[in-house]
Amino acid sequence: MEAYVLTRMVLSVCLSVYLSGDNRLDKYKEHEQRWLRLIQNDIESIPISLVVIWAGALCGPQLLLHLIASWTYCLCRIGHTVAYANAMQPYRAIFWLVGVLSVLVIALNSLVGSLL
């Protein structure tokens, strides 16, 4: 019974905020949608990059370059997450670009390592 009363109270507050024209609800919805897009972006990007990093480690690449590029990718994904969550647009794109370039460096380093 208490859960029902609490739910009714929360719904009545949300309804009053919505009807009063207060845009706080819109900001919360925008924030929620931003985090959902961020998680979807991570789900699309991180697994394939991890496969490239792990497979590349087995190909005998130059170890130092592989480690630097792997850590660069890690730090760029963290920076991308922070920039995406806080809507810091130019930084988000820069972190994404550097992360993608570091994965390309890992792939090329692994290719050269497997051919030599």
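Going highest first, how would you order 93-101, 29-37 by mean Cβ packing within 10 Å?
Numbers: 93-101: 16.0, 29-37: 11.4.
The packing order, highest mean first, is 93-101, 29-37.
Could you put SER49, SER114, SER102 in order, starting from the residue whose Cβ has the fewest other Cβ atoms within 10 Å?
Details: SER49 19, SER114 13, SER102 22.
Listed from fewest to most nearby Cβ atoms, that is SER114, SER49, SER102.
Can you put LEU65, LEU111 in order of Cβ neighbours within 10 angstrom, beginning with the fewest?
Lowest count first: LEU111, LEU65.
Between TRP54 and ILE78, how many nm apart are label points set 7 Å from Cα along the C-beta direction?
Inter-label distance under the simple model: 2.2 nm.
What's the exposure ranking of ILE106, ILE48, going from fewest to most Cβ atoms within 10 Å?
Values: ILE106 26, ILE48 10.
With the sparsest Cβ surroundings first, the list reads ILE48, ILE106.
Report the calculated FRET efficiency for ASP42 and LEU108 (r = Cβ-Cβ distance, R0 = 25 Å), to the nearest 0.05.
On the way: r = 24 Å, r/R0 = 0.96.
Given R0 = 25 Å and the Cβ-Cβ separation, E is 0.55.
No value in this document is a laboratory result; all are computed from the given coordinates. As the structure is a prediction and not an experimental result, all values here were calculated from the model. Glycine also receives a Cβ, built like all others from the backbone with ideal geometry; neighbour counts cover every protein chain displayed.
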